[in-house]
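What follows is calculated from the coordinates using simple rules that are stated; it is not laboratory data. It should be emphasised that the depicted structure is a prediction, and the values quoted were computed from it without experimental measurement. Note: ideal-geometry Cβ built from the backbone for every residue, glycine included; neighbour counts use all protein chains shown.
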Amino acid sequence: MFYFFVNEPTNNMGKAWLFNGYENTLNSYNNHFDVISEHFNLIKKAPLFYNLDDCFISHAGISKFFKRKLPSNFREDLNLLNDFVYRRLDNEHSILWTREKLLDLGKLQIVGHTRKIDVLFDKKNNVVYIDTSCYGGNKLSAVIVENNNVIDILSVSTNEKDIQKLSFPH
């Protein structure tokens, strides 16, 4: 959103930044504007997902909404998703925004975005939700994956000193 706001401010992704933490992000650059260009390059080059041998990691996941729109053989080569997801970034069902049921990709999907009290495994769709609302004061969580299975869950409670008080635009 930050990248789009600066480079394509009329894009829906750029506009959404005004309601998703822009002020805290900008404030974090006070006295550090020398690194902003480096950060933009990092954001521009960052992938939207990691398709690893034993799991698929993304922000919000691949929604079941797209099942009929994907090529029938997408599970054989999940890299086919690359162009598909980039063309739909500002769609409410996208890899950045969806909160719907996720598609079984044929391997474990690890996602954040949809906050849960504890790490949650959706066995039917082979999805692990790891956003346990650290930002909201709950805890930071991660999973250890081996051979397409979660073998450990790690969680650390949020330290209240690390939570910034938020202000939102009117």
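For this structure, a couple of remarks:
- About the Cα centre, charge dipole magnitude for the chain (Lys/Arg +1, Asp/Glu -1 at Cβ), debye: 620
- Summing charges over all other residues whose Cβ lies under 13 Å from the Cβ of Lys123, with Lys and Arg as +1 and Asp and Glu as -1, gives 0.
- The value of relative contact order for the stretch 1-52, using C-alpha pairs under 8 Å at least six residues apart, is 28 percent.
- Restricting the stretch 78-143 to trypsin sites (Lys or Arg not before Pro) in coil, as DSSP defines it, with at most 12 other Cβ within 10 Å: Arg87, Lys123, Lys124
- Rg followed by Dmax, in Å, when the stretch 75-135 is reduced to its Cα trace: 12.3, 36
- Expected 222 nm ellipticity per residue - DSSP helices of 4 or more, -39500 (n - 2.57), all of the chain, to 500: -5000 deg cm²/dmol
- Note on Asp118 and Val6: their simple-model spin labels are 4.1 nm apart, each label 7 Å out from Cα toward Cβ.
- Normalised alpha carbon radius of gyration of the stretch 1-46 [divisor 2.2 N^0.38 Å]: 1.12
- Among 1-9, 45-53, the order from most to least packed when residues are scored by Cβ within 10 Å on average: 1-9, 45-53
- Shape category assigned to the stretch 46-104 from the gyration tensor of Cα positions, a/c cut at 1.5: rounded
- Debye-sum result for the chain in log10 I(q)/I(0), which assumes one identical scatterer on each alpha carbon, at q = 0.20 Å⁻¹: -1.44
- The chain, relative contact order [Cα under 8 Å, separation at least 6], %: 17
- Considering only Asn125, Leu81, Pro9, the residue lying farthest towards the positive end of the dipole of the chain is Asn125, judged by Cα position with unit charges set on Cβ.
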